[in-house]
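For reference, the structure is listed below as structure tokens.
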Amino acid sequence: MKNSVFMILLCMRFIPLSGQEFRSANVVRINTVDSEPAILKKAAHVCPTARQVSWQELEFTVFIHFGMNTFTNREWGEKGTSPSLFNPTALDAEQWVATAKMAGARLVIMVAKHHDGFCLWPSQFTDYTVKKSPWRGGRGDVVAEVAAACKKLGMKLGLYLSPWDINSPLYGTEAYNEHFRNQLGELLTQYGKVDEVWFDGACGEGPNGKRQVYDWQSYYTVVRTLQPQAVIAVTGPDVRWVGTESGYGRETEWSVVPVPAAALDEIAATSRQEYTKEGLFLPPGDQMSEDLGSREKIVKAAGLVWYPSEVDVSIRPGWFWHESEDTLVKSPETLTDIWYSSVGRNSVLLLNLPPDRRGLIHENDVAALKKMKSLLDATFRNNLATGATTLKNDTMIQMDLPQPVTFDRIMLQENFLQGQKVESFVVETRSGPAWQEIVRGTTIGHKRLLRCSPVSSAKVRLRITSARDVAEIVHFGLYKAPVSKP
Ligand code: FUL
């Protein structure tokens, strides 16, 4: 988005709040005396940080789950699996990154260590690594190969390091925290720029298993110190897990969500940049609920924070490759539907592409992605509203076209750099004397994509029926899909 730097500077201004000042409007306190309109106004002006802006603008990112599980046909590994099993015959990280790029992704998150603890780089802090495998004679480094491919192909790099570690004898003790920081340090110093660090909250130790008290704060400090531009997802302060692994985000997706009272004092005392205590950033209540940030939720909140949603999903049923799933790759139509329901619902899509035992993304997955990309390109290449005369006021944009156009897709974007404001809207066309509703929706945020039956008209308007403050719509586009399916 143009003018990003200028807008970010605007967002970093001081917001005086009942005697306290936060260093930016990335977080605000709600006071007991605040009226509902005052709360809405505050909510409307909570803004993303610079790193959240860069991340949101990626729109589409790719996960790579590959490791011991690929060779043992499992989703979660076991203790004691021999590194000798890790032996891809034709590993080509450039094929992974090129596939992601071809599909339209802008960042690749490599799973460097999954729950089984097997490290895909030769960590000096454990023997359970590629160094002990037959692959490349024990001299291989998958993370290095992915980083080099990203650099070569102009893609950003992200890294996943599982906090849960089934193999490490230190897991469950205080010493594990240092071990984890050491491994994180290796990953964040040896492979160039990293733009996303993914901490998984999953742990399957069970009631009699080991209990690790994670020192999250110290992990976040390592990331902030070594790679300050990187967002920390999803057990982290910058990016929120959408709440499912289905690929479908919420119809109503607010990037501004309530923050618990306990978090606010700490934020005021430090700054959002160091706002890192475990779980403090999570909105209170059920993370999976359909409503995280509506008026009803925010009027009862202690404070509000910009905490945008990431939709993670695998192209196959599992996160790792299984031969039996070669025929279960999601179809181009399903992938496109997921795109509309994630990128098109104010979220970033994180799509997993698991390489097979050769160390290649399977032909079926590549074919599905190619078709998805061609469907999306054929739809969005041509904005049919180009050349329209536009009339605008605070709650409406009307476009008058020289002649009728036939469209079945609508793209809306708010200037999210300045906050998220639209609560509901309707899109209408006019052929005769009266306007007719085509489609309606709730939130817009960074991007909202809507599908409808094909309609022909030379007059199209967007009416904002409810907003938290005056919204700036920076894109209102009309498109036609090659195959029309609402
Ligand atoms: C989950 C993990 O348990 C899965 O194996 C996978 O890595 C997914 C992205 O996150 O929590």
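The values are calculated or read from the model by the stated rules, or taken from the named source; none is laboratory data. Predicted model, so just to flag it, every value in this text is computed and none were measured. Don't worry about glycine lacking a Cβ; one is built from the backbone with ideal geometry, like all the others, and counts go over all protein chains shown. Note: accessible area is taken over every heavy atom of the protein model, side chains too, but ligands, DNA and RNA are not part of it. Shrake-Rupley method; radii C 1.70, N 1.55, O 1.52, S 1.80 Å.
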Looking for something in the same structural domain as Val234 (by TED's automatic domain parsing), away from the ligand (no atom under 16 Å from the Cβ) and in contact (Cβ under 8 Å) with a residue 40 or more places away in the chain - is there at least one such residue anywhere in the range 348-355? no
Mind checking which residues of the range 393-412 are open to solvent by 40 Å² or more (accessible area, probe 1.4 Å) and of a type in the set (S, T, N, Q)? Asn393, Thr395, Gln403, Thr406
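Just need a number here: residues in the range 134-157 that are in contact (Cβ under 8 Å) with a residue 60 or more places away in the chain and part of a helix (DSSP H, G or I).
At the first step, the residues of the range 134-157 found to be in contact (Cβ under 8 Å) with a residue 60 or more places away in the chain are 142, 146, 156.
Those left that are additionally part of a helix (DSSP H, G or I): 142, 146.
Residues flagged as in contact (Cβ under 8 Å) with a residue 60 or more places away in the chain and part of a helix (DSSP H, G or I) within the range 134-157 amount to 2.
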Please find, within the range 147-164, the residue that is nearest to Trp216 (Cα to Cα) out of those that are within 16 Å of the ligand (Cβ to nearest atom) and not polar (S, T, N, Q). Pro163
Under the condition of being out of contact with any Ser or Thr (no Cβ under 9 Å at 6 or more places or on another chain) and closer than 21 Å to Ala471 by Cα, which residue from the range 430-446 is least open to solvent (accessible area, probe 1.4 Å)? Ile444
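For the subset of the range 70-113 comprising residues that are part of a helix (DSSP H, G or I) and of a type in the set (D, E, K, R), which member is farthest from the ligand (Cβ to nearest atom)? Write out each step before concluding.
Taking the range 70-113 as the starting set, the residues that turn out to be part of a helix (DSSP H, G or I) are 70-72, 83-85, 93-103.
Those still in the list that are of a type in the set (D, E, K, R) too: 94, 101.
Working: Glu94: 23, Lys101: 21 Å.
It comes out as Glu94.
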Enumeration of residues in the range 318-329 that are within 16 Å of the ligand (Cβ to nearest atom) and assigned to a loop (DSSP other than H, G, I, E, B): Gly318, Trp319, Phe320, Trp321, His322
Residues of the range 330-345 that turn out to be of a type in the set (Ser, Thr, Tyr) and within 16 Å of the ligand (Cβ to nearest atom), as a count: 1
Every residue from the range 295-317 that is in contact with a Pro (Cβ under 9 Å, 6 or more places away or on another chain) and part of a strand (DSSP E or B): Gly303, Leu304, Val305, Trp306, Ser314
Filter result (over 15 Å from Pro355 (Cα atoms) and open to solvent by 20 Å² or more (accessible area, probe 1.4 Å)) within the range 98-118: Lys101, Met102, Gly104, Arg106
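Restricting the range 342-387 to residues that are of a type in the set (S, T, N, Q) and outside any loop (DSSP other than H, G, I, E, B), which is surrounded by the fewest Cβ atoms within 10 Å (Cβ to Cβ)? Please lay out each step first, then the result.
As a first pass, look at the range 342-387 and keep what is of a type in the set (S, T, N, Q): 342, 346-347, 352, 364, 374, 379, 382-383, 386.
Those left that are additionally outside any loop (DSSP other than H, G, I, E, B): 342, 347, 352, 364, 374, 379.
Details: Ser342: 29, Ser347: 27, Asn352: 20, Asn364: 15, Ser374: 12, Thr379: 22.
The qualifying residue surrounded by the fewest Cβ atoms within 10 Å (Cβ to Cβ) is Ser374.
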Counting only residues in the range 165-182 that are open to solvent by 30 Å² or more (accessible area, probe 1.4 Å) and of a type in the set (Gly, Ala, Ser), the one farthest from the ligand (Cβ to nearest atom) is identified as Ala175
Given (1) on the phi > 0 side of the Ramachandran plot; (2) open to solvent by 30 Å² or more (accessible area, probe 1.4 Å); (3) modelled with pLDDT of 95 or more, index of the condition Gly285 fails: (3)
Could you grab me the full set of residues in the range 411-436 that are over 30 Å from Lys42 (Cβ atoms) and of a type in the set (A, V, I, L, M, F, W, C)? Ala434, Trp435
All but one of (1) farther than 19 Å from Val62 by Cβ; (2) within 14 Å of the ligand (Cβ to nearest atom); (3) not basic (Lys, Arg) hold for Val213, so report the exception by its number. (2)
Flagged in the range 232-261 as part of a loop (DSSP other than H, G, I, E, B), among the small types (Gly, Ala, Ser) and surrounded by fewer than 21 Cβ atoms within 10 Å (Cβ to Cβ), in numbering order, are Gly243, Ser246
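State whether one or more residues within the range 221-228 are part of a loop (DSSP other than H, G, I, E, B) and in the same structural domain as Met68 (by TED's automatic domain parsing).
At the first step, the residues of the range 221-228 found to be part of a loop (DSSP other than H, G, I, E, B) are 227-228.
Pick out the ones that are also in the same structural domain as Met68 (by TED's automatic domain parsing) and you get 227-228.
Yes, because at least one residue in the range 221-228 is part of a loop (DSSP other than H, G, I, E, B) and in the same structural domain as Met68 (by TED's automatic domain parsing).
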Out of the residues in the range 59-82 that are buried (at least 20 other Cβ atoms within 10 Å of the Cβ) and touching a strand residue (DSSP E or B) at 6+ places or on another chain (Cβ under 9 Å), which is farthest from Val311 (Cα to Cα)? Gly67
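Can you tell which of Gly140, Gly192, Gly185 is touching a helix residue (DSSP H, G or I) at 6+ places or on another chain (Cβ under 7 Å), modelled with pLDDT of 95 or more and open to solvent by less than 10 Å² (accessible area, probe 1.4 Å)?
Numbers: Gly192 fails: open to solvent by less than 10 Å² (accessible area, probe 1.4 Å); Gly185 fails: open to solvent by less than 10 Å² (accessible area, probe 1.4 Å).
Being touching a helix residue (DSSP H, G or I) at 6+ places or on another chain (Cβ under 7 Å), modelled with pLDDT of 95 or more and open to solvent by less than 10 Å² (accessible area, probe 1.4 Å) holds for just one of Gly140, Gly192, Gly185, which is Gly140.
Of everything in the range 188-210, what is farther than 19 Å from Glu78 by Cβ and within 16 Å of the ligand (Cβ to nearest atom)? Give them in sequence order.
Taking the range 188-210 as the starting set, the residues that turn out to be farther than 19 Å from Glu78 by Cβ are 188-199, 201.
Passing the criteria: Glu196, Val197, Trp198, Phe199, Gly201.
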